[in-house]
Structures are given as structure tokens and as C-alpha cells.
Amino acid sequence: MKRTTTPPLLIRGADVLGEGTQDVLLVDGRIAAVGTQARDDAPTGTGTLHAEGLVLLPGLVDLHTHLREPGREDAETVESGSQAAAAGGFTAVLAMANTSPVTDTAEIAETVLDLGRRAGYVDVHPVGAVTKGLAGEELAELGLMHRSRARVTVFSDDGRCVHDARLMRRALEYVKAFDGVVSQHAQDPRLADGTACCHEGELSGRLGLPGWPAVAEEVVVARDVMLARHTGSRVHIAHVSTAGSVEVVRWAKKQGIDVTAEVTPHHLMLTQDLLAGYDPTFKVNPPLRPTEDALVLQEALADGTIDIVATDHAPHARQDKEHAFVDAAFGMLGLETALGVVSTLMVQPGRMGWADVARVMSTAPARIARLSTQGQGITPGAPANLTLVDPTRKGTVDRALSKSLSRNNPWHGRELVGAPHLTLLRGRVTAREGLVWGGEA
Amino acid sequence: MKHLLSIADLSAQEITSILDTAVSMHEVQDRDVKKLPTLRGRTIINFFFEDSTRTRSSFEIAGKWMSADTINLTGKGTSVSKGESLRDTVLTIAAMGVDMMIVRHPASGAPQQIAQWVDCSIVNAGDGTHEHPSQALLDAYSLRRALGELTDRHVAIVGDLTHSRVLRSNLLCLRKLGAAVTVVAPPTLMPSGIASWAAADGFAVSYDLDAVLPTVDAVMMLRVQRERMSGGYFPTAKEYAVTYGLTSGRLARLPAHAVIAHPGPMNRGLEISADAADAARSLVLDQVSAGVAVRMSILYHLLAGEGNAQ
């Protein structure tokens, strides 16, 4: 891979983590100095970026992205998904394993890693499948995937639940050897089968849509935190969507169980009433829940019960969504709008500060995935993976402008306040105000 | 009115207008020559993605008696089964210049989605477990013929409510016409959220058929689908028949004037006994006959009514 030298850059007057104005000097892909020292240390030829009014965060990290390559390059490629990520302020994404073929071997994991490096917009870290072919029957080659160049640390059958309790126990035990984590798609397949596509309740009853009861998620979350306690392993709960799951996670954390949890931007802000028109854009797994659940999720994110925001960016080709609601594909786009949703919903009303955003969208996801070069503090010596945010920029989401190859954007037509201004990967600009800049290759 | 997608879209006045027009349409059935020129030159596609006998033939007869050109298409063997998206499939058919598409689909909401994609009129002929508005209209028509105006009449709807599109349309229709409604089923066959739904829409919920029967003016029995029996919804067919079937014994609990309705097809011996199905107070065949008249009225309102005349 050819790397070009990145010229030094002085970021002037940025609000670092929303906690004070500082100058930040970037040299050779790292933060060289912060504060008054930065200007003094700037070598000849340093470019200057005036960042007054902008907030500087460590680069965003998404623990839950679907890039569709290999297998469904018509919906998304590693390159197009990486561009969407960079445009959304991300510097690293964890690419889920439900590709075709499934990422269940070291070879496929390395292929995804290499595709990401070739694209060069963000660090792409493959997530390994927990079970071969996501079939839920035999463990995939967890250790070999970890030993590969991809250094896989996060394992998930996302899209499906590891519902066999014994297999889940073995997976949790096995990944302890290399400090891995199992990310669970909590969905009891007997309580919410493949046809379930709408939160079970009055609305699903009225619409005649197969219900996905909250308890189908909650029983698996409860089981898995107990398995994590039994094994002493790390378990991560993907896309928590119900108040009951929050309650279980809160209890488990109080017990000292090593559990982390994520919430998606759409479960935070969107609610089930959007399904009244049967628009498959809003079909997602787990389904959009009632307002009461969304409010609990917002509160849990603010108080730290839920550790991170993860996008569950799930691009789909048009033809896969243009079916009757129950037949359409699950999932919605999220990389380009995640920061705007968190800003609009949590930061603007004063429920979270930008330092909290850094925690839930960068530091904590990087820590869960054990990424050593992402989610670091804005301190000298840290890699210059950074996101500059314009906290006041208002914009109406237009799905036509997406870098993703797909258009299943549930935010289309909504106004969001707060947007990525500049994304820097190892000191190099990868995106500026939604426009992506050339990859590293 | 451009579409008939849900009873929810109709006002009580519009429902009454459809039922009143159906009265005159019903007279056509007694003529030697059953033909009205009303829809001459109009093309109606019966697009049935799911098997149906009575609804499809009823709509087809209604269209033909009104001189429309009616064409039947099924989901089987069409481009849908070859992997084409629903949107592309219906756009292709609509592009042939049809005036109306009558859609039966196994997926709830499909007619609503189709109505957003094409320009022609869409009639929902049953979508998944959502609605079956023309059935509700013909049920109301039959009940009205038997009982007079439905205001303050009490109708019990009994059976597999979870999976019944007839239930959802009938609830809306009967409530709009002022009837009191009680839904009766075991808790496993009640739609989710039924308690809050009932509170919002003003109907009653009961698990006790015997307690409800003496209070009704009409009892509408819904089919229990045989495939549900392995789904753990109830222990055995025998237990269901004894607990929730309209048995011969329960016939005696009905008030003398009360009538029996069933949208068919019937499982005799399960949700309804032969005695009840064939009783003089049974409206089952009247419902079928009324189906053509009501569907003629629906076609009239959508294609030839005020604002639609060419």
C-alpha cells in the first residue's frame, strides 16, 4: 500500500471536547502538541485550519456497520461504506460478519481488512462470525480470525441471535483467551421469528403485522448477562431497543458483570408510529419501539447505562426494500446521520456534552473493540484520528446526497442540527462537510 | 373516493352510501339479463397474490355485470415469483392502462403500498391479517337487511381474532355504524394490545362466549385456521369447539331474533356446528349473495360515482 506524507496541520481555536478552546498541532499522523505549545512547535510549511466555533473530538468509531462486501456489492461496497463513514465523521468502523460468504474464517476477515485499507477512508475492522455460516450450530474459527492480520476481537452473528445457550457459553469462554468480546443480537427466535417485523402491541394488532415482543430481546439479554457472569467474559449487547433490556443491563452492571451495550440513533429518535403507512424504510431489526422505550434509551445513554451509540448502518438495494412490508429487507442507513441525531437529540437540549459524545461514539466503542489507534484522548502522541464538528450547522437530510450506494435513509427530509465539518484519518483529511477526499491508496 | 384500502378511510356517511347503493344493485341479481352499462370501457384487474374463490369471483361477477373488462391475475407464475419487486410488478401492470386494481395479498399493508406507487384506483380485497373492507361492508349490508339499522345493536365477533382481517375491518365498520361490539376469543387468539385498543375504540373484550351470547343481536363466527392448531394457540380442536364453538347447545342461548354470520369458509364442527351454520337465522348464504351487490356498489363509487364520471 502506497502512503503519501501528510503535511503538518495546525488546528486553530477548536473547542476541544467542548471543554475549552485550544490549538492542536498534527505532525506525521499524530497529535504533536496541544495548547499554546502547538503554535510554537509548528514546523515550517504547516497548514492552518481556523476552527473557531468548531468542536474537536477523537474520530468516531462505529462498532456496528454493515458493508455488504463481499456478496452484495450492489447495496454497498467497503469503499462506498467507508466514504459514508468518513462523511459521517467516523475514522473506524467494525464491519459485521453477515456478508456472503460470511466472515467466519481468517481469510475472509483479511479480505475485508484489505478492502478497507485499499479504500483508505476509515479503518475497517472485520467482525468475525460467532458460528460457522451464522448457522448457530458450531463455533467459527474464532482464534484463527484473531491471529490473522485482521486481529479480530469482536465476534457477532448479528442479524441472528446466538440462541443456543451452550454455544453462547462456549463462545464467551473461548474468546477470553485473547480478550475478545461477543456482540449479541438478542432475539429469541421462538418468541420473535423471522416474520416478526413490528413491535408487538396495539399498533401491530391494528396493522396486522407479525409482532416482535420486547420480551424476545429481554430474555436473551438476561440470559447472556448471567452467562457472562458465569464465564467471567465480556458480552456486548447490540442495538438495545427496550426499556426492559435497559433494566437488565443496569442491574448487571451493578453486579459487576462485564457487560456493555449499544443503542442505535434510530432507536433513540424514531418510534413505531412511523410504521402506520407500511413504509419499509422504517423496517428494522429489532423494530422501532414505542415512545416510552425511546425515552428510556435516551436516559440510559445519558446516564451511562448504555455505553455507546452504534449505527447498525444497513444498506439495502432499492429492489430489496420495494416489497410488501413483511417481505422487505430489515435495516436502514445510519453512518452519515448518526452524529447529527445524537447532537440534535442529546447535545442541543443539554442532556449530554460533547465530551460525552466523544465517550459514546469514540472512546468507548474503541475500548470495547480493543482498538489501540482509535478513540484516544486529544493529547500529544495520540494518533491524529479526529473529527471536527460544527455544532450549529442545520441541514435537512437528503438521501440523494448519500455516499452509500443505497437509499434506505429513514432521516430523509428531517432537519438535524450539528454535523461533521472535517474528518481526519492519521492527520489526513478524508471528508469535509459531507464531501469525501481521496483514499490512502 | 379513489381507493378502498381500509374502512378507517370511510366516513359513516360514505359507508351508508355504499350500502344504500348496494340495495339497488342487489336487484340486478334477479333480472334475466344481469348487465348494467355503467363501467363500459373500464378495465379492472383482479390481482390476487393469494388464493381466493369467493372474493375473487364476487369481484369478477360484479365487474362483468357492470360491463367492465375484468382480467384475473394471480401471484403464482407472475414476475413476483420470479424475484421481481412488488413495485416493479404493479407498475408494469398499471402501465397497461388499467382503471382499477383489486388486490388480494398475503402481506398486511400491500394494497396501501401499491396505492402509493400507481395512479389507478386500488381496492383492498384482503391484505394479510390487516383488513378486508369489502367483506366488512357486505357483512354490514347483510346485518342491516336482517336487523335494520345497526345503531346500538350488539354484535359479537368470535374466533381467531389475531389472524383475522375480517375482524379488523368489521370492528371499524360496525363501530362507525353505531353498533356495540364485543370480541370473544381465548387470550392466545386476541390481537396484541387488545385492551388499549378496545379502550380507544370503544368495544368490549370477553373470554366467555356463554356470557356474551344472550346479549347479542348478531354473532359473527370467524374461521379457525387449521394450521393454527400446531401453533400452541389452544390445546385441541375439541377443546376449542367446546369452549368457543357455536355449538347446537349455544344456539339456544341466543335471543330469538339474533342472527348468525360467518365470512366463510366454515369449519363445521369446529367454530360452528352444522345446526348453527344451516339454521334459518344463519346469514351465511345471504352474505355471499350480498357480496356481489356490495362489490358492484364499491366499483360504482370508485369508478362511476360523483367525481369519477367520465
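Observations on the structure shown:
- Among residues that are over 18 Å from B:Ile298 (Cα atoms), touching a residue at least 24 places away in the same chain (Cβ under 8 Å) and in contact with a helix residue (DSSP H, G or I) (Cβ under 9 Å, 6 or more places away or on another chain), B:Phe49 is included.
- A single entry from A:Glu336, A:Glu262 fulfils the requirement of being crowded, with 24+ Cβ neighbours inside 10 Å, at pLDDT 95 or above, more than 13 Å from chain B (Cβ to nearest Cβ) and in contact with a Lys or Arg (Cβ under 8 Å, 6 or more places away or on another chain): A:Glu336.
- Per the listing A:Asp62, A:Asp74, the residue uniquely among the charged types (D, E, K, R) and assigned to a loop (DSSP other than H, G, I, E, B) is A:Asp74.
- Some residue of the stretch A:341-351 being within 17 Å of A:Glu262 (Cβ to Cβ), open to solvent by 10 Å² or more (accessible area, probe 1.4 Å) and out of contact with any strand residue (DSSP E or B) (no Cβ under 6 Å at 6 or more places or on another chain): yes
- Qualifying residue in the stretch A:279-289 (condition: of a type in the set (D, E, K, R) and outside any loop (DSSP other than H, G, I, E, B)): no
- In the stretch A:7-19, the residues that are part of a loop (DSSP other than H, G, I, E, B) and under 27 Å from the mean Cα position of the chain (by Cα): A:Leu17, A:Gly18, A:Glu19
- Criterion violated by A:Arg414 - all others in (1) of a type in the set (Lys, Arg); (2) closer than 15 Å to A:Val341 by Cβ; (3) in contact (Cβ under 8 Å) with a residue 40 or more places away in the chain satisfied: (3)
- Cβ separations smaller than 6 Å between residues 6+ apart or across chains give the following pairs from the stretch B:243-255 residues that are among the aromatic types (Phe, Trp, Tyr) to residues that are buried (at least 18 other Cβ atoms within 10 Å of the Cβ) and part of a helix (DSSP H, G or I): B:Tyr244/B:Leu209.
- Any hit, the stretch A:125-134, residues being over 14 Å from A:Ala97 (Cα atoms) and not basic (Lys, Arg): no
- The condition (being within 14 Å of chain B (Cβ to nearest Cβ) and part of a loop (DSSP other than H, G, I, E, B)) is satisfied by just one residue among A:Ala329, A:Ala276: A:Ala329.
- Restricting attention to the stretch A:191-207, the residues that are at pLDDT 95 or above, within 11 Å of chain B (Cβ to nearest Cβ) and open to solvent by 10 Å² or more (accessible area, probe 1.4 Å) add up to 7.
- Residue satisfying all of: in the stretch B:283-300; of a type outside the set (Val, Ile, Thr) and surrounded by fewer than 20 Cβ atoms within 10 Å (Cβ to Cβ); farthest from B:Ala256 (Cα to Cα) among these: B:Ser289
- Single unsatisfied condition, B:Ala146 versus (1) open to solvent by 10 Å² or more (accessible area, probe 1.4 Å); (2) more than 29 Å from B:Thr243 (Cα to Cα); (3) of a type in the set (A, V, I, L, M): (2)
- Check on A:Arg149, surrounded by fewer than 17 Cβ atoms within 10 Å (Cβ to Cβ) and of a type outside the set (Val, Ile, Thr): yes
- Pairs where the first residue, in the stretch A:105-126, is on the phi > 0 side of the Ramachandran plot and the second is of a type outside the set (A, V, I, L, M), C-beta under 6 Å, 6+ apart: A:Gly120/A:Gly439; A:Gly120/A:Glu440
- The stretch A:208-218, subset buried (at least 24 other Cβ atoms within 10 Å of the Cβ) and hydrophobic (A, V, I, L, M, F, W, C), residue nearest to the other protein chains (Cβ to nearest Cβ): A:Leu209
- Matching strands (runs of 3 or more DSSP E) fully within the stretch B:1-108 where at least 2 residues are more than 27 Å from A:Ala329 (Cα to Cα), open to solvent by 60 Å² or more (accessible area, probe 1.4 Å) and not basic (Lys, Arg): B:69-74
- Against the criterion of being modelled with pLDDT under 95 and open to solvent by less than 20 Å² (accessible area, probe 1.4 Å), B:Gly305 qualifies.
- In the stretch B:237-264, the residues that are under 23 Å from B:Thr129 (Cα atoms) and either among the aromatic types (Phe, Trp, Tyr) or open to solvent by 30 Å² or more (accessible area, probe 1.4 Å) (or both): B:Ala237, B:Tyr240, B:Tyr244
- Those residues of the stretch B:162-182 which are within 22 Å of B:Leu10 (Cα to Cα), within 11 Å of chain A (Cβ to nearest Cβ) and not in a helix (DSSP H, G or I), in sequence order: B:Ser164
- Screening A:Ile257 with (1) open to solvent by less than 10 Å² (accessible area, probe 1.4 Å); (2) away from chain B (no Cβ under 14 Å); (3) over 16 Å from the mean Cα position of the chain (by Cα) gives one miss only, at (1).
- Filtered by the rule that a residue be open to solvent by 40 Å² or more (accessible area, probe 1.4 Å), charged (D, E, K, R) and either out of contact with any helix residue (DSSP H, G or I) (no Cβ under 8 Å at 6 or more places or on another chain) or more than 10 Å from chain A (Cβ to nearest Cβ) (or both), the stretch B:183-222 gives B:Asp208, B:Asp210.
- Filtered residues of the stretch A:314-323 (kept if touching a residue at least 40 places away in the same chain (Cβ under 8 Å) and either over 18 Å from A:Arg160 (Cβ atoms) or within 11 Å of chain B (Cβ to nearest Cβ) (or both)): A:Pro315, A:Ala317, A:Arg318, A:Asp320, A:Lys321, A:Glu322, A:His323
- Taken over the stretch B:91-142, the criterion of being more than 10 Å from chain A (Cβ to nearest Cβ), of a type outside the set (S, T, N, Q) and farther than 22 Å from B:Tyr300 by Cβ is satisfied by B:Ile93, B:Ala95, B:Met96.
- Counting the residues of the stretch B:119-161 that are over 28 Å from B:Arg228 (Cβ atoms), assigned to a helix (DSSP H, G or I) and either under 17 Å from the mean Cα position of the chain (by Cα) or of a type in the set (Phe, Trp, Tyr) (or both) gives 3.
- Candidate set from the stretch A:352-369 (those that are open to solvent by less than 10 Å² (accessible area, probe 1.4 Å) and more than 27 Å from A:Arg393 (Cα to Cα)); member that is nearest to the other protein chains (Cβ to nearest Cβ): A:Ile368
- Flag if A:Gly205 is in contact with a Ser or Thr (Cβ under 7 Å, 6 or more places away or on another chain) and outside any strand (DSSP E or B): yes
The values are calculated or read from the model by the stated rules, or taken from the named source; none is laboratory data. Keep in mind it's a predicted model, so treat the numbers as computed, not measured. As a convention, Cβ positions derive from the backbone with ideal geometry for all residues, glycine included, and neighbour counts pool all protein chains shown. Surface areas here come from the heavy atoms of the whole protein model, side chains and all, with no ligands, DNA or RNA. Shrake-Rupley method; radii C 1.70, N 1.55, O 1.52, S 1.80 Å.
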